[in-house]
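Undergrad: This is the structure I want to talk about, given as structure tokens.
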Amino acid sequence: MQPKYKVLHVGCGRQSWANLPPAIQRDRWEQIRVDADPAVQPDVVAILPDLSMVESGSIDCVFSKHNIEHLFRHEATQCLAEFHRVLRPTGFLILQTPDLHAMAELLLAKDPEETLYVASVYGDPIPITPLDMLFGSEHYISRGNHWMAHKTAFTQQTLERALTKAGFEGVRVFSRKDKFELVANCRKVVRDNLMGRL
């Protein structure tokens, strides 16, 4: 049996395989779930940016969906460096985070307290406003989940710079305006450079 690739699912919560990108297929990948909340039964309990319990160069893909905005800016920088450290040379990062430009446009166009949509989170209907998108979900924060607060945000340009500074290559960041988010794809080492180093 061929060994499976390893995906580090950062901030997994109660999410299932269905929440991973389509390229991460269960028959070819082993999912290592990471979360700060022991109640969601992750494989690794960790509070970002600390991933010291994950071996350097042991992961094929890091998937981080809406995590780094919950860190202070200097912590987000440390977190990106940790993502880079745990990846194998051929590994890659898929990262999603709010788009500060898109949110700024939204705040100028809408009442900041207007419900934009109702999210279904583990079966609970949660109204989402522009303020929630900018500062974090009031629904969760008001119930004592202070880690849900947003402490920083990125534009396409600042996220590209941060990923490049963390050592990633082949950095591509694009905006999904309909979701007010940025999606970044990058590699630890681009293939041409990797071949040159062997």
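The values are calculated or read from the model by the stated rules, or taken from the named source; none is laboratory data. Because the structure is a prediction, the values reported are computed rather than measured. When we count neighbours, we look across all protein chains shown, and the Cβ atoms used for this are built from the backbone with ideal geometry, even at glycine. In case anyone asks, the SASA skips ligands and DNA or RNA and just uses the protein heavy atoms, side chains included. Shrake-Rupley method; radii C 1.70, N 1.55, O 1.52, S 1.80 Å.
Undergrad: Can you tell me how many residues in the range 61-104 are of a type in the set (Val, Ile, Thr), open to solvent by 20 Å² or more (accessible area, probe 1.4 Å) and not in a strand (DSSP E or B)?
TA: So the answer is 1.
Undergrad: Further question on the same structure: Would you check which residues across the range 21-38 are in contact with a strand residue (DSSP E or B) (Cβ under 6 Å, 6 or more places away or on another chain) and surrounded by 17 or more Cβ atoms within 10 Å (Cβ to Cβ) and list them?
TA: Across the range 21-38, the qualifying residues are ILE24, TRP29, GLN31, ILE32, ARG33, VAL34.
Undergrad: Can you name every residue in the range 105-150 that is more than 20 Å from ILE68 (Cα to Cα), of a type in the set (Val, Ile, Thr) and either open to solvent by 50 Å² or more (accessible area, probe 1.4 Å) or in a helix (DSSP H, G or I) (or both)?
TA: Within the range 105-150, THR115, VAL118 qualify.
Undergrad: What are the pairs with Cβ atoms under 8 angstrom where one residue, in the range 145-158, is over 10 Å from PHE135 (Cβ atoms) and the other, located anywhere, is assigned to a loop (DSSP other than H, G, I, E, B) and open to solvent by 20 Å² or more (accessible area, probe 1.4 Å)? Sequence gap at least six, or different chains.
TA: The qualifying pairs are TRP147/ALA36; THR152/PHE72.
Undergrad: In contact with a Lys or Arg (Cβ under 9 Å, 6 or more places away or on another chain), in a loop (DSSP other than H, G, I, E, B) and surrounded by 15 or more Cβ atoms within 10 Å (Cβ to Cβ): which single residue out of LEU8, LEU51 fits that description?
TA: Testing whether each residue is in contact with a Lys or Arg (Cβ under 9 Å, 6 or more places away or on another chain), in a loop (DSSP other than H, G, I, E, B) and surrounded by 15 or more Cβ atoms within 10 Å (Cβ to Cβ) leaves just LEU51.
Undergrad: Looking at ARG161 and the list (1) modelled with pLDDT under 95; (2) assigned to a helix (DSSP H, G or I); (3) basic (Lys, Arg), which single condition is not satisfied?
TA: (1)
Undergrad: Still on this structure: From LEU51, LEU95, grab the single residue that is touching a strand residue (DSSP E or B) at 6+ places or on another chain (Cβ under 7 Å) and at pLDDT 95 or above.
TA: Selected residue: LEU95, the only one of LEU51, LEU95 that is touching a strand residue (DSSP E or B) at 6+ places or on another chain (Cβ under 7 Å) and at pLDDT 95 or above.
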